[in-house]
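Working notes, beginning with the structure itself.
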Amino acid sequence: MIDYLRDLFTNPLLINGLPPAIIETLQMVGISSLATVVLGLPLGVVLFVVQPGGMAENRILHTILSPIFVNITRSFPYAILMVALIPLTRFLVGTAIGPIAASVSLTIAAVPFFARLVETALRDIHGGKIDAAHAMGSSRMQTITKVLVPEAMPTLVAGITTTVVTIVGYSAMAGLVGGGGLGRLAYNYGYQRWEVDVMVVTVILLVILVQLIQFVGDRISRAVDHR
């Protein structure tokens, strides 16, 4: 066992390849997670507001956003979506290779997923609270920012946590087509060259990353829950 650990920590593939792979994975996950929240939160709010019977019912807009954009995008397996978005990625960032390029497809894949979680979280808010806000003269925007979002905050944080964990899994697949990160390291060396040590270490690191994200997300969700 001691000899195995010594060989593991002196493996040149891990010594040279692991640090940049970790940085690339954190870069992909960080950029795409931030972009997903920034884009997905308002999209989820709009889905809730314009739904049939919503505060600003708009069947045409709801049809465009929900059944067409969100459902169709979510129906694509990420591996296929990632390849299909290569021309768009190259147009936006100038390249289809690297963690920045991978963040484009990661964001496009995660935004509809997170938006649906936001819509579901808002639907769980009791309708009486919305009626009470309107009765007190609150505008639609005030109802959203001061009633809906604060009341749904614990569920929204849980949704963000779930989304970030999903992005971690997607980021590993992105490494297969030049996205970099731990996924590329595991595939190029752990799978193609059958370096079992590399595969084991990358899997352990991904598990640790997911556990850390889940732990932090759960703590924040409990901290903002004042119900």
Taking segment 135-147 and keeping residues surrounded by fewer than 18 Cβ atoms within 10 Å (Cβ to Cβ) and touching a residue at least 60 places away in the same chain (Cβ under 8 Å) leaves 140
Of the listed residues (150, 112), the one being in contact (Cβ under 8 Å) with a residue 12 or more places away in the chain and either farther than 30 Å from residue 25 by Cβ or part of a helix (DSSP H, G or I) (or both) is 112
Here the residues within segment 35-52 that are over 17 Å from residue 139 (Cα atoms) and open to solvent by less than 60 Å² (accessible area, probe 1.4 Å) are 35, 36, 37, 40, 41, 43, 44, 47, 51
The number of residues in segment 79-98 that are open to solvent by less than 50 Å² (accessible area, probe 1.4 Å) and outside any helix (DSSP H, G or I) is 3
- Task: With respect to residue 106, determine if the residue is aliphatic (A, V, I, L, M) and without any contact (Cβ under 8 Å) to a residue 60 or more places away in the chain.
- Result: no
Of the residues in segment 99-129 that are modelled with pLDDT under 90 and β-branched (Val, Ile, Thr), the one that is most open to solvent (accessible area, probe 1.4 Å) is 100
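Yes/no matrix, rows are residues, columns are (1) within 20 Å of the chain's Cα centre (by Cα); (2) at pLDDT 85 or above:
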| position | (1), (2) |
| --- | --- |
| 171 | yes, yes |
| 183 | yes, no |
| 205 | yes, yes |
| 208 | yes, yes |
| 211 | yes, yes |
| 219 | yes, yes |
| 222 | no, yes |
| 225 | no, no |
Only unsatisfied item for residue 55, checking (1) of a type outside the set (Asp, Glu); (2) in a helix (DSSP H, G or I); (3) in contact with a Lys or Arg (Cβ under 6 Å, 6 or more places away or on another chain), is (2)
Within segment 53-66, residues open to solvent by less than 70 Å² (accessible area, probe 1.4 Å) and modelled with pLDDT of 85 or more come out as 58, 61, 62, 63, 65, 66
When segment 60-78 is checked residue by residue, the ones that are in a helix (DSSP H, G or I) and under 15 Å from the mean Cα position of the chain (by Cα) are 70, 73, 74, 78
Review point. Taking residue 40, is it free of Cβ contacts under 8 Å to residues at least 40 places away in the same chain, in a helix (DSSP H, G or I), within 11 Å of the chain's Cα centre (by Cα) and within 30 Å of residue 177 (Cβ to Cβ)?
Key: no
Residues of segment 114-152 being of a type in the set (Lys, Arg) and within 17 Å of residue 40 (Cα to Cα), in sequence order, are 116, 123
(message) Looking at segment 55-63, can you tell me whether even one residue there is farther than 27 Å from residue 143 by Cα and touching a residue at least 60 places away in the same chain (Cβ under 8 Å)?
(response) no
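The values are calculated or read from the model by the stated rules, or taken from the named source; none is laboratory data. The structure displayed is predicted, hence computed values, not measured ones. When we count neighbours, we look across all protein chains shown, and the Cβ atoms used for this are built from the backbone with ideal geometry, even at glycine. Just so you know, the surface numbers come from the protein's heavy atoms only, side chains and all, with ligands and any DNA or RNA stripped out. Shrake-Rupley method; radii C 1.70, N 1.55, O 1.52, S 1.80 Å.
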